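The values are calculated or read from the model by the stated rules, or taken from the named source; none is laboratory data. The structure displayed is predicted, hence computed values, not measured ones. We place every Cβ from the backbone using ideal geometry, glycine too, and count neighbours over all the protein chains shown.
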């Protein structure tokens with residue numbers, strides 16, 4: 001049955017009141033707090049219909065109603081009004097992230113910020129190697145037979161490797177090797193570099209083949225053979241804040257699931273590729289919609305981030321189904337946008 005506007009409004013204010021108070025919501029309190037323009041009896045009838053349709057439930061006889069997962073889903077899809085962050089909050093986020101000195105610092109600042117803004121568990125996936133492109137390669141001679149190879153990705157990720165060469169090499173050859181590596185690889189996705197590297201070695205002039213062969217084996221190991229997907233986590237203490245009633249006493253399996261990096265990567269790392277707006281990338285999984293059984297008393301808000309229109313990773317928050325969805329969605333989107341801006345710089 002399609003719900004009319006008044007019943008949708010009743011559901012909206014019940015969700016907002018329950019999130020704010022943690023108490024089941026009764027019809028009398030609803031009429032007193034909100035100018036609904038109808039009598040308590042009419043609101044009771046609307047609540048009965050919403051309960052019948054599965055959007056509300058009554059935890060105890062004679063108690064008020066609380067939203068179900070189905071009620072939260074309708075609230076998120078049709079009723080929630082995203083709460084924009086204030087100009088002061090946005091400036092503070094921008095300043096905090098802009099002070100980061102490297103990629104690790106960006107990720108750790110972002111995850112702490114998200115946990116503080118939302119009072120939920122925050123997760124940030126490091127930029128995925130599979131979605132990273134080569135921005136620049138630098139060769140720094142250490143000794144005549146040893147070179148520091150520095151690989152810089154377009155996501156700000158920096159990898160450094162020491163390479164032992166088969167024979168001494170002079171400055172001119174180092175410069176030629178650097179130029180050839182950059183001409184061959186800059187702009188390519190990490191996962192697409194194997195064939196160009198092999199072809200480069202095959203077609204290089206004879207005096208470059210020895211050093212390039214040594215450099216290439218280290219490069220391929222760095223670029224293509226390291227499934228180095230990592231996540232940063234903050235705010236697990238927020239799960240206990242406000243009492244375990246939010247999770248029906250099931251905090252322990254949630255904490256165990258959060259310790260599994262593969263679970264977090266699946267939850268927060270599965271974001272669509274480029275060409276979509278941040279609104280399109282945002283996903284909200286409520287209760288039973290989570291594929292991991294231990295997390296079905298929680299909700300997850302996730303989105304993608306990256307420089308410009310390129311998506312290189314996911315970030316988001318996890319908390320009780322009784323969460324402030326509009327505020328959390330706004331915080332997740334805003335932090336994602338600023339992290340993307342920092343990476344672009």
Legend entry - Matching residues, the stretch 282-316, being under 21 Å from residue 103 (Cβ atoms) and either surrounded by 21 or more Cβ atoms within 10 Å (Cβ to Cβ) or outside the structural domain of residue 110 (by TED's automatic domain parsing) (or both): 302, 303, 304, 305, 306, 311, 312, 313, 314, 315, 316
Inset, instruction - Would you be able to tell me the number of residues in the stretch 101-110 that are surrounded by fewer than 21 Cβ atoms within 10 Å (Cβ to Cβ) and either touching a residue at least 40 places away in the same chain (Cβ under 8 Å) or in contact with a helix residue (DSSP H, G or I) (Cβ under 8 Å, 6 or more places away or on another chain) (or both)? - result: 3
Legend entry - Residue identified as buried (at least 19 other Cβ atoms within 10 Å of the Cβ), outside the structural domain of residue 319 (by TED's automatic domain parsing), within 30 Å of residue 171 (Cβ to Cβ) and more than 16 Å from the chain's Cα centre (by Cα) among 147, 142, 152: 147
Inset, instruction - For residues that are part of a helix (DSSP H, G or I) and under 29 Å from the mean Cα position of the chain (by Cα), scanning just the stretch 15-30, find the one that is surrounded by the most Cβ atoms within 10 Å (Cβ to Cβ). - result: 15
Inset, instruction - Test residue 175 against the criterion of being touching a strand residue (DSSP E or B) at 6+ places or on another chain (Cβ under 6 Å), part of a helix (DSSP H, G or I) and over 19 Å from residue 337 (Cα atoms), and give yes or no. - result: no
Legend entry - Wholly within the stretch 272-345, strands (runs of 3 or more DSSP E) carrying at least 1 residues that are at pLDDT below 90 and out of contact with any helix residue (DSSP H, G or I) (no Cβ under 6 Å at 6 or more places or on another chain): 313-320
Legend entry - Failed criterion for residue 136 (all others in (1) free of Cβ contacts under 8 Å to residues at least 60 places away in the same chain; (2) in a helix (DSSP H, G or I) hold): (2)
